């Protein structure tokens, strides 16, 4: 679900930020990524947040180069601090990347990972994300999305319905998206749905490939 950042370590100058949700979901997500990502190459992570996911994934997938990104400078500092603390040599310095602004600072990637962004951003961000993926991924390249989604216009659990209402109250442009709308948008941008994986806490892993 949404990542609530707890801020820096109290009483220190450590730039790392921490999200309780990242601690809970990073291993189930890694289990899926290990099956769907290419064996080597560059993975671009969009909206990396605290950087805990990036450090965990890069540390456990050493044959991949992991490129984190975020629009928030505090998040980018946190990402780089996690990389330094974990000594992840395959985790690259965080980039500023806005999915709605083209061109992206990464002209090509073998895979793209985006966790918990779609529901806490306007629909234009999803449009930019999928359009960008269609441009920079090679044929067969993977786009991996994680988060809550409605299926056939219905929430998959009462907790997701309540979460959706709270998101829309905070920002009317946010909200849990329809899986079918994401799939249709992917098709328009040259991506095909490969797999849907049920995840803990009523989330889904969506796997698309560049066609």
Checklist line | Quotient of Cα Rg and 2.2 N^0.38 Å for segment 45-190, N being how many residues it contains | finding: 1.07
Item checked: Cα centroid of segment 150-208 to Cα centroid of segment 81-140, whole Å -> 19 Å
Item checked: Peptide ranges 97-109, 198-210 listed from the most packed, as the mean C-beta count within 10 angstrom indicates -> 198-210, 97-109
Checklist line | Protection proxy ranking of 85-96, 151-162 - average other beta-carbon atoms within 10 Å, highest first | finding: 85-96, 151-162
Checklist line | DSSP-defined antiparallel bridges as percent of all bridges, segment 20-210, nearest 5 | finding: 45 percent
Margin query: I need the peptides 164-173, 131-140 ranked by packing, meaning the mean over residues of other C-beta atoms within 10 angstrom, with the highest value on top.
Written below: 131-140, 164-173
Notebook entry, point to check: So what is the relative contact order of the chain, in percent, for Cα pairs below 8 Å that sit 6 or more residues apart?
Noted result: 18 percent
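Computed from the coordinates by the stated procedures, all read-outs in this text should not be read as laboratory data. What you are looking at is a predicted structure, and each value in this text was computed from that prediction instead of being measured. Virtual Cβ from ideal backbone geometry, glycine too; neighbours counted across all protein chains shown.
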